[in-house]
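Working notes for the structure below.
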Amino acid sequence: MLVPEHFDGNRLASNDPVGQQLEMAPLVSREDRLPQSIQFICGVDVAYDTRSDRLFAAAVMLCAADLSVIETATVETRATFPYSPGVFSLRELPPLVEAVEKLNRQPDLIVCDGQGLAHPRRFGLACHLGVYLDRATIGCAKTRLIGEFGPLGPRRGDYSPLEDANEIIGSVLRTQDFVRPLFVSIGHRISLPTARDWILRLTPRFRLPETTRMANHVVNEYRRITCSGLDSPIR
DNA sequence: GCGACAG
DNA sequence: ATCTTGTCGC
């Protein structure tokens, strides 16, 4: 499991993923500690190859002002863990870190395709990536992992608190009128209201943030080109 | 034991 | 996540 460089002793006492998540969870900052002026926002996504364990990741940099794509980075690795809810970052974190570090510029904010604090141990993919890179991150998932929520209004901007164990762990946010809501939560160095604001700014027209839409497009295109051919170059 | 379960 | 066939609408 990837441990942040600035972690005390740079090592974890636990050897299992769950124990390590519990150890790193306290490192998450739930306050706004992001740059005064946000210029570059990064979106990340991963795609898989059905016939092998090949895995593809992409990091796409958008200009915060007009949401245009200004840079992309891709990476191919191999899946080393099967998908398992709760320890998802074990699978996608390594390639995502690689992709983000390939970018020429450092993003002011990273939007993840998965949960942040809205996680059994309050340490979803967005928290892990944020703490590891020591960068502001938002968890923005399409479906729920844990937590309960009441009904929310039908219009864009309407939201309802996502709660678990008497704690608000995120927001169920409607990003377009009459469309299924998204599950927004703190990743790192950002408050929940600010996270919601950014997700709304990133969804001027579609349900999903432009960051994830673009990252999704880039990574799928990358996989298509890489895997084109009757037989994969790699078994 | 049974159902839930980010991507 | 990925696959798949068809359908609706701009």
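Model label points for A:Asp158 and A:Arg205, set 7 angstrom from Cα along the Cα-to-Cβ axis, are 2.5 nm apart. Take the Cα radius of gyration of the stretch A:24-227 and divide it by 2.2 N^0.38 Å, N being the number of residues; the result is 0.95. Label sites at A:Phe81 and A:Asp53, each approximated as a point 7 angstrom past Cα along Cα to Cβ, lie 1.4 nm apart. Could you tell me the distance between the Cα centroids of the stretch A:161-189 and the stretch A:13-61, to the nearest Å? Between the Cα centre of the stretch A:161-189 and that of the stretch A:13-61, the gap is 18 Å.
Straightening the chain between A:Val3 and A:Glu167 buys 56.4 nm, computed as 0.36 nm per residue apart minus the Cα-Cα spacing. Residues of the stretch A:49-74 with an amide N closer than 14 Å to a point placed 7 Å from the Cα of A:Ser37 along the Cα-to-Cβ direction: A:64-66. Look at the Cα gyration tensor of the stretch A:1-133: its axes a ≥ b ≥ c give a/c of at least 1.5 with a/b at or below b/c, and that counts as oblate.
Normalised by the number of residues in the stretch A:45-188, the average gap of Cα pairs under 8 Å and 6 or more apart makes the relative contact order 18 percent. A Förster radius of 35 Å, combined with the Cβ-Cβ distance separating A:Asp197 from A:Arg224, puts the computed FRET efficiency at roughly 0.55.
FYI, it's all coordinate maths here, none of it is from the lab. Note that the coordinates shown come from a computational prediction; the quantities given were computed from them, not determined experimentally. Note that we place each Cβ from the backbone using ideal geometry, even for glycine, and neighbour counts take in every protein chain shown.
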